[in-house]
């Protein structure tokens, strides 16, 4: 996934670290083999190259992630869209974004218009009973906005299978905690809430995920844009929202919702979060400063 993972855990049975590490790596490798569009032999890459009209039965894990992504795609009217890969590449990101000439420049309008025709989650005709999707022709899946969170959940479940019940597991900054620290206190993570201000958030059987534009951006001719693309417009998201952090019982859900809220933008995102009871912390850019704004669900939980 191009990132790192880390684990803190209480180990009363004195399990071998090699055994624990092997279980985590196996769980993460399974996610990569199914859902990494950076791997040419993965399930998702084979789907992206499949002929038009072919239907594909997904592995159970893949189908679970697809179902979650499409649920929030419908609920948000397309703010998250698993078929966004062509647009991500068009703006110079993802595995295909480095192979098409000068990717420091924004795409030409006609190229962007053509690319948008390949994007649309409704075209997949997902069958939840069979766990299958249709390749309509030219569709390319990108689950980067949700698969990393799912990998966290898979790692946690693999660790549970070893009998571990108190741990904090992290993949690329997305975290999930179960149980408590050895001292009996909740696991805690530090979240940037504003300029020079952090908030310590307790995680009691909770996951946390953040989406933002602090690390993955491009700039050309005075324009700066984020790696997060709005599938509805084909354009990078509004940069007035620096980051969104979400709390949820499942990291897959927290990851997906952080993406949804980032794409929706400050005003629409707050209304969406309140409507769905989402615990979210928004960090907005205003007059050269970062300003935090939390939903009522965040205030109650964090």
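The values are calculated or read from the model by the stated rules, or taken from the named source; none is laboratory data. If you're wondering where the values come from, they're calculated on a predicted model, not measured in any experiment. As a convention, Cβ positions derive from the backbone with ideal geometry for all residues, glycine included, and neighbour counts pool all protein chains shown.
Annotations
- Flag for residue 232 being modelled with pLDDT of 90 or more, under 22 Å from residue 83 (Cβ atoms) and over 16 Å from the mean Cα position of the chain (by Cα): yes
Here is a yes/no grid of residues against (1) touching a helix residue (DSSP H, G or I) at 6+ places or on another chain (Cβ under 8 Å); (2) under 22 Å from residue 170 (Cβ atoms); (3) outside any helix (DSSP H, G or I):
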position	(1), (2), (3)
233	no, no, yes
244	yes, yes, yes
254	yes, yes, no
258	no, yes, no
262	yes, yes, no
268	no, no, no
275	no, no, no
283	no, yes, yes
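- Considering residues of segment 179-198 that are under 24 Å from residue 264 (Cα atoms) and surrounded by 12 or more Cβ atoms within 10 Å (Cβ to Cβ) only, the residue modelled with the highest pLDDT: 191
- Given (1) modelled with pLDDT of 85 or more; (2) surrounded by 14 or more Cβ atoms within 10 Å (Cβ to Cβ), number of the condition residue 227 does not satisfy: (1)
- In segment 145-158, the residues that are at positive phi and modelled with pLDDT of 95 or more form no Cβ pair under 6 Å with any partner that is buried (at least 24 other Cβ atoms within 10 Å of the Cβ) and not in a helix (DSSP H, G or I), whether six or more places apart or across chains.
- Residues within segment 171-190 that are touching a residue at least 24 places away in the same chain (Cβ under 8 Å) and either out of contact with any strand residue (DSSP E or B) (no Cβ under 9 Å at 6 or more places or on another chain) or over 20 Å from residue 301 (Cα atoms) (or both), tallied: 3
- Only one of the numbered conditions (1) in a loop (DSSP other than H, G, I, E, B); (2) under 22 Å from the mean Cα position of the chain (by Cα); (3) on the phi < 0 side of the Ramachandran plot is not met by residue 78, and that is (3).
- Residue in segment 285-296 that is closer than 25 Å to residue 153 by Cα, in contact with a helix residue (DSSP H, G or I) (Cβ under 6 Å, 6 or more places away or on another chain) and either at pLDDT below 95 or surrounded by fewer than 16 Cβ atoms within 10 Å (Cβ to Cβ) (or both) present: no
- Pick from segment 174-188, criterion closer than 16 Å to residue 7 by Cβ and not in a strand (DSSP E or B), ranking: farthest from the chain's Cα centre (by Cα): 182
- Filter pass, residue 248 being farther than 17 Å from residue 142 by Cβ, crowded, with 16+ Cβ neighbours inside 10 Å, in contact with a strand residue (DSSP E or B) (Cβ under 8 Å, 6 or more places away or on another chain) and at pLDDT below 95: no
- All positions within segment 5-22 that are touching a residue at least 60 places away in the same chain (Cβ under 8 Å) and more than 17 Å from residue 177 (Cα to Cα): 13, 15, 19
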